[in-house]
Amino acid sequence: MTTMKSPAATVANTITDGTFGSLPTKILRHGASGAQAEILVRGATVLSWAAPWHGGLGEFIDGYVDEADFAGQFGGRSAILFPFANRLRNNQYTFDGVTHEVGLQFPVDKEVIHGSARMADWTVVDEDVSDPRAVSITFGYSIRPGDIAGYPFSVDATVRFELTESSLDVLLTYRNVGDTDAPVAAGWHPYFRVPGHATIDTLSLRVPARAAIVTDDRLVPLAGDAAYAPMDSDLVHETLAGVVYDHAWDRLVPDADGRIRTLLTDPETGEGVAVWQDRGTLLAFTGDALTRPRESAAIESLETTTDAFNRPDRQDEVRLAVGQEKTFAFGAHTITR
């Protein structure tokens, strides 16, 4: 008589509640692999993302260290950039002939930057642990006239995080629920590291771009075509030692599957992280001005360039018509050999 072994039980996906100081978090765990992400409900801010790495788990997101760090918004770590990304020239913009003066969103800011969503109290609108391949959570956020000084529009947004064995993927969806067209330009501001590397100086960077964004001393792109410096091939640094960036690139080149991938990897093994987006502009910041300098690199997936609200060449990208809905997809996955 042959004894049949019972199949191993599948470890369930889970979403549990956590805390970050006094603030609530959601902890996503992919049951089959043990991959895990912790997301702060305020700002829908990713605090950590760990994925399988050489027999254990490796940490790929460099998040805030404590509640005070988050409250100070030092570095804008993993910020959802919405309803605009990065800076507005002279803290204002003109849309449909009306000039809007935008006030500081938070006392910690020295200039108008990165929108308001990063410190807003998002709400959990959906959780899904049913698919063994992935666990996901969706947060919601709404803007109404009067909520943001200089932004008199009505926009609803959701952001969905999906955790798999090897990836953390994000889908940002937003809809104009007002009675006038609205300007919107979204993005994500995570800092990435590669396990085993205490500094980005020992890592390589590849950006698949065909134009570098040229900016003034305030990091705002120059007017017109002067903002775009053509490139013949990808930007490649074999190591980031001595490289200082708070720069953006455009005319990004997708892979065969339609995803645009920026690579932060170990130059000897090729292992590391691929940061992907479905369109837009890519900004890299080497973190030299931070309190933890060069421990990680901000690789920012952006729908469009900085100050797009003020650029005639970007008006089609930022205009959200009445009733219109748009999505921006981005995320990251590990690279192992």
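Among residues that are touching a strand residue (DSSP E or B) at 6+ places or on another chain (Cβ under 7 Å), more than 30 Å from Glu101 (Cβ to Cβ) and either at pLDDT below 95 or buried (at least 18 other Cβ atoms within 10 Å of the Cβ) (or both), Arg160 is included.
So which residues in segment 19-32 are in contact with a Leu (Cβ under 9 Å, 6 or more places away or on another chain) and surrounded by fewer than 18 Cβ atoms within 10 Å (Cβ to Cβ)? Across segment 19-32, the qualifying residues are Leu23, Pro24. Scanning segment 167-205 for residues that are surrounded by 19 or more Cβ atoms within 10 Å (Cβ to Cβ) and part of a loop (DSSP other than H, G, I, E, B) returns Val184, Ala185, Ala186, Pro190, Arg193, Val194, Leu203. Only a single criterion out of (1) loosely packed, with under 15 Cβ neighbours inside 10 Å; (2) of a type outside the set (Val, Ile, Thr); (3) in contact with a Pro (Cβ under 7 Å, 6 or more places away or on another chain) is not satisfied by Asp121, namely (3). Scanning segment 73-101 for residues that are buried (at least 21 other Cβ atoms within 10 Å of the Cβ) and more than 14 Å from His189 (Cβ to Cβ) gives Pro83, Leu88, Tyr93.
As a summary of the residue check, Asp234 satisfies the conditions (1) on the phi < 0 side of the Ramachandran plot; (2) in contact (Cβ under 8 Å) with a residue 40 or more places away in the chain; (3) open to solvent by 30 Å² or more (accessible area, probe 1.4 Å) except for the one numbered (2).
The strands (runs of 3 or more DSSP E) falling completely within segment 206-288 that include 1 or more residues that are charged (D, E, K, R) and modelled with pLDDT of 95 or more map to 209-213, 246-252, 260-265.
The values are calculated or read from the model by the stated rules, or taken from the named source; none is laboratory data. Remember, it's a predicted structure, so these values are computed and weren't measured experimentally. When we count neighbours, we look across all protein chains shown, and the Cβ atoms used for this are built from the backbone with ideal geometry, even at glycine. The accessibility values were calculated without ligands, DNA or RNA, using every heavy atom of the protein model including side chains. Shrake-Rupley method; radii C 1.70, N 1.55, O 1.52, S 1.80 Å.
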